[in-house]
Structures are given as C-alpha cells and as structure tokens.
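Visitor: Right, I'll just put the structure down here and ask away after.
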Amino acid sequence: MASYIGGRDNSGEVRMGKFSEEKVARILVFAATLAERHPKAFPSGKPGQTSTVLKIGIHFDIYALYPDIPKRTVRSLMSWHTRSRKYLEAASVAGTPRLDLHGDLAGEVTEEQAKAAQDNLAERKARSKASKTAARKATARKAGA
C-alpha cells in the first residue's frame, strides 16, 4: 500500500509524494534518530513539525555522519521537512538564523531566500483556495442533480 508524505490537503490527507509504507516508516525512524541525536536542529522528531531553519547543505553533513542511511531517505526527509508550512513560515523572514546539526549558527536566511519562501506560501494559499472553491462547486452540482 502507498502513502503520501508532505503537506496536507483540505481533507487532511498528507500529500507530497507517493511512497510505500515501508519507505515512510524508514523516513520516520530516521527522523526520530536525528531528533534524538541532534535535538537543537530537529527538536520534534517529526518532519515538518518544527520551524528550525537548517543550514544550507545540511544533507551533506547528514550523509557524512550516517553513511549507512540511503541518500534517497535523507533527501526525502529533508524535502518533507523543508517544504512544510512551519518551516517555510520561519524561512520567510530574512535574518532568521540557520542552524547546523549541533544547533550552532550556520548562516541566516537572506532576503532572496525569504522572498522565495513567501512566494511558495502564497502559491500554496492560492492553490488551497482554488481547490476549496472547486470542491464547493462540485458539491453544489451534486446537490442540484
């Protein structure tokens, strides 16, 4: 059976990519490992549930520290995490500190990066609004039929 990970749609269904239950389980186990070993960078242990903005290229640090974890698992986790609403909201403010795995300062969000995060959030809001409008119209058509 396949699962979706990433953002949630209007029905609360999780979306981003289609992955096997096994792959989702591996990603979540690794997320918990990172939270246990690097609590300042990954305080919640659940992807997308924290607003800690991470160092650019942190995945390379993770590859080096965890060579037995498939790169695809690391990339999927980082994608899930950094595309979350909470993460993007934090990254939408220029000057927000970026942290490395130890929780040390490793740069900050630039104006350009903040603008990109703001644009991403605005696009999501527009898609959500369009989706809700389409759902209402479909419900109205069904009710009228």
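Visitor: What is the distance in Å between the Cα centroid of region 50-74 and that of region 100-145?
Guide: Centre-to-centre distance over Cα atoms comes out at 24 Å.
Visitor: Sequence-distant or interchain residues sharing an amide H contact under 5 Å with Gly107, placed H: which?
Guide: It is Arg98, by chain and number.
Visitor: So which of Lys40/Lys115; Lys23/Lys137; Lys40/Lys125 end up more than 31 Å apart by C-alpha?
Guide: Lys23/Lys137
Visitor: Using a/c under 1.5 as the rounded threshold, could you call region 22-71 rounded, prolate or oblate? The axes a ≥ b ≥ c are square roots of the C-alpha gyration tensor eigenvalues, and prolate needs a/b larger than b/c, oblate otherwise.
Guide: Oblate shape, in that a/c is at least 1.5 and b/c is the bigger or equal ratio.
Visitor: Compute the signed sum of charges (Lys and Arg +1, Asp and Glu -1) over the other residues within less than 13 Å, Cβ to Cβ, of Ala114.
Guide: Computed value for this residue: -3.
Visitor: Tilt of helix 111-144 relative to the longest C-alpha principal axis of the chain, in degrees (0 to 90, nearest 10)?
Guide: So the helix axis and the longest Cα principal axis differ by about 30 degrees.
Visitor: Rounded to the nearest 500, what is the chain's calculated 222 nm mean residue ellipticity when only DSSP H runs of at least 4 contribute -39500 (n - 2.57) each, over all residues?
Guide: Estimated from H runs of four or more residues: -17500 deg cm²/dmol.
Visitor: A further question follows. Give me the Debye-computed log₁₀ of I(q)/I(0) at q = 0.10, 0.17, 0.20, 0.22 Å⁻¹ for region 2-139, equal point scatterers on Cα only, no solvent, two decimals.
Guide: -0.36, -0.96, -1.22, -1.37
No lab work stands behind these numbers, since they all come straight from the coordinates. As the structure is a computational prediction, the values presented were derived from the model and not from experiment. When we count neighbours, we look across all protein chains shown, and the Cβ atoms used for this are built from the backbone with ideal geometry, even at glycine.
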